[in-house]
Amino acid sequence: MKKIVLVTGNIKGGIIQFLETLESVLSEIGFEITVVAPAEIEKKLQRKKNYIYYQTIVESSGFTRKINSFLSKKKAFAEITKKVNTLKPDLIWLIDNPIDTVVIGLKLVSTKTPMLLTLHDAGGNHPTNQTIYQQLRNHYTDFLSDKLEHKVSHILLLSKISYKKYGLLKPKNTEKRVYFCLGAHVPNVKELKPDEITENQFHLFFGRIDKYKGLETLFRVFSEVDNPKYKLVVAGSGELTKKETEVYKLIKKDVTLINRYIRDEEMLWLFHHARSVVLPYIEATQSGVIPIAYKFGVPVIVSNVDGLTQFVEDEKTGFVCESEIDYITALKKLENDNTRSAMSEAAIEYHLSNMDWKKNILSVLDAILN
């Protein structure tokens, strides 16, 4: 039985859902899976026998905490390298690239094992609301990630646009690229209605709130819709910009804002009850939200950005919008039950045909391991 080691630096959210799905599908195919993950990972994934845990938080404060954290991680990452080397895996799969994953990856290069690095955003940095410290930290991570990308054997891109743009950004790594069409990664939990919700159907914006997500446009659109049949639900953590806050205040009666981390159970309920999922992004190279929408048979309304439109059959699985009028037209069309039902069927069919995890993973592994 071939062995694969999966490595993550995340503790919750979409990447952990990605990890769970990946581990499940790989096990079903017949691989022996070991996971390297932070000890602070979601409770449901703690104390698993096939996991190697490392500590990311130390009990101290100020400068002392930073020193202790650095020393603690250095020791932990050295131990991880020894354990992984002992396993003699056929592949090390870095499923994300935050700072901890990148540093662990640079250590694991010494094992001489084939290594696959997943890049969830391969088109450069998005406009963001981050602090100066966060931006500096991200630049440092990007610097280390660039070193890692030169050392790994393969780089996984999650959309055709990402595949193309990464080749333009990093031409020296062109031959390392592998393409994988991202499918829906949803947790196996029971649905739970968020306390803030009072309706059973709505238009949904889901995901972390940030400058590049285009919420100002979406709020303006709803301010121009007279007596909308379905409210807008915005669900995700993050901060609204000053302008977004101003427009939101004008339409609060038509919008439910759930500005916090959304639990897995709540996420499932929101997609199950959404009339549409709206992605008014300013830029994107791919989306993990669209596959989830399609799995639930929810049509999407997206901005005319190639990272999104690559997954949308206009007026069949969703609507592509170039102007605020286009968004209003799309919202109005989806008030019709027959239109919405036909698009729901098309969305499900698209997911089944293009976003099958097992088929797509086997294609990647055939290219890497054979």
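Tabulated data
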{"read-out": "Value of [θ]222 nm, deg cm²/dmol, for the chain, DSSP H segments ≥ 4, -39500 (n - 2.57) each, nearest 500", "value": "-14000 deg cm²/dmol"}
{"read-out": "3J(HN,Hα) from dihedral phi, region 73-83, Karplus parametrisation 6.51/-1.76/1.60, rounded to Hz, x for glycine, proline", "value": "5, 4, 5, 4, 5, 5, 5, 4, 4, 4, 5"}
{"read-out": "Partners for LYS73 among aspartates and glutamates (Cα-Cα distance below 14 Å; same-chain residues under 8 apart left out)", "value": "GLU40, GLU59, ASP100"}
{"read-out": "Gyration tensor (alpha-carbon) shape descriptor, region 181-225, a/c threshold 1.5", "value": "oblate"}
{"read-out": "Dimensions in Å of region 234-346 - Rg and Dmax from alpha carbons", "value": "14.2, 39"}
{"read-out": "Backbone HN-Hα couplings from phi across region 323-336 [Karplus 6.51/-1.76/1.60, Hz, Gly and Pro as x]", "value": "9, 5, 4, 4, 5, 4, 4, 4, 4, 5, 4, 7, 6, 7"}
{"read-out": "Amide H partners (placed H, <5 Å) of TYR54, local residues excluded", "value": "ALA37, ALA39"}
{"read-out": "Taking N as its residue count, the alpha carbon Rg of the chain over 2.2 N^0.38 Å", "value": "1.02"}
{"read-out": "Between region 38-56 and region 310-339, the alpha-carbon center distance in angstrom", "value": "42"}
{"read-out": "Between 0 and 90°, nearest 10: helix 357-369 axis offset from the chain longest Cα axis", "value": "30"}
{"read-out": "Anisotropy class of region 130-241 from Cα gyration tensor, a/c 1.5 cut", "value": "prolate"}
{"read-out": "Region 309-354: C-alpha gyration tensor shape, a/c 1.5 cut-off, then a/b vs b/c", "value": "oblate"}
{"read-out": "Helix 99-108 vs. the chain, principal-axis angle (Cα, 0 to 90°, nearest 10)", "value": "30"}
{"read-out": "Angle between the chain longest axis and helix 132-151 axis [Cα atoms, degrees, rounded to 10]", "value": "60"}
{"read-out": "All lysines inside 17 Å of LYS112 as judged from Cα atoms, apart from same-chain residues fewer than 8 positions distant", "value": "LYS2, LYS3, LYS82, LYS83, LYS88, LYS147, LYS151, LYS176"}
{"read-out": "Accessible surface of the chain [probe 1.4 Å, protein heavy atoms]: carbon and sulfur percent", "value": "51"}
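The values are calculated or read from the model by the stated rules, or taken from the named source; none is laboratory data. Every value quoted in this text rests on a predicted model; they were computed, and no experiment measured them. Note: areas computed on protein heavy atoms with side chains; ligands, DNA, RNA excluded. Shrake-Rupley method; radii C 1.70, N 1.55, O 1.52, S 1.80 Å.
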